[in-house]
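We did not get these values from a lab; they are worked out from the coordinates using the rules stated. All values derive from a computational prediction rather than experimental measurement. With ideal geometry, Cβ positions are generated from the backbone for all residues, glycine too; neighbour counts draw on all protein chains shown.
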Amino acid sequence: MKNDITIYQNKSSLCRTFGMSRQTVYRIEAGIREQMELGRYNSYAIIDNEINVGVVADYIKYRKLLKDKNARKYVPKFNLREALDMVVPEDEEVDDDAV
């Protein structure tokens, strides 16, 4: 089965991917924009009306700490590859013995 998750998704797609309401996605977008201003995410986190799913996954994971100005310094540096690995399942590995 081919992976249907794309790196950038609009709000409706994010609702389906993460199983959340549209209002929640709007709140997450606002939080991501705030973190962009603070320097956690770069200007490519949001392009037009589409948001990088890795950024969304990272923000969901760390949002409580990111909102707390004293705890923010303990959040690990953003790593896009690790964040995408949380969302995009790896392709099934081929068993070498079967070949």
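Applying both filters, DSSP loop and at most 13 other Cβ atoms within 10 Å, to the trypsin sites (Lys or Arg not before Pro) of segment 16-45 eliminates every site. A straight chain from Arg16 to Met86 at 0.36 nm per residue would run longer than the Cα-Cα distance by 23.6 nm. Annotation for segment 24-91: chymotrypsin sites (Phe, Trp or Tyr not before Pro) lying in DSSP loop with at most 15 further Cβ atoms inside 10 Å of their Cβ are Tyr44. Sites listed here are GluC sites (Glu not before Pro) in segment 15-62 whose DSSP assignment is loop and whose Cβ has at most 10 other Cβ atoms within 10 Å, and the list is empty.
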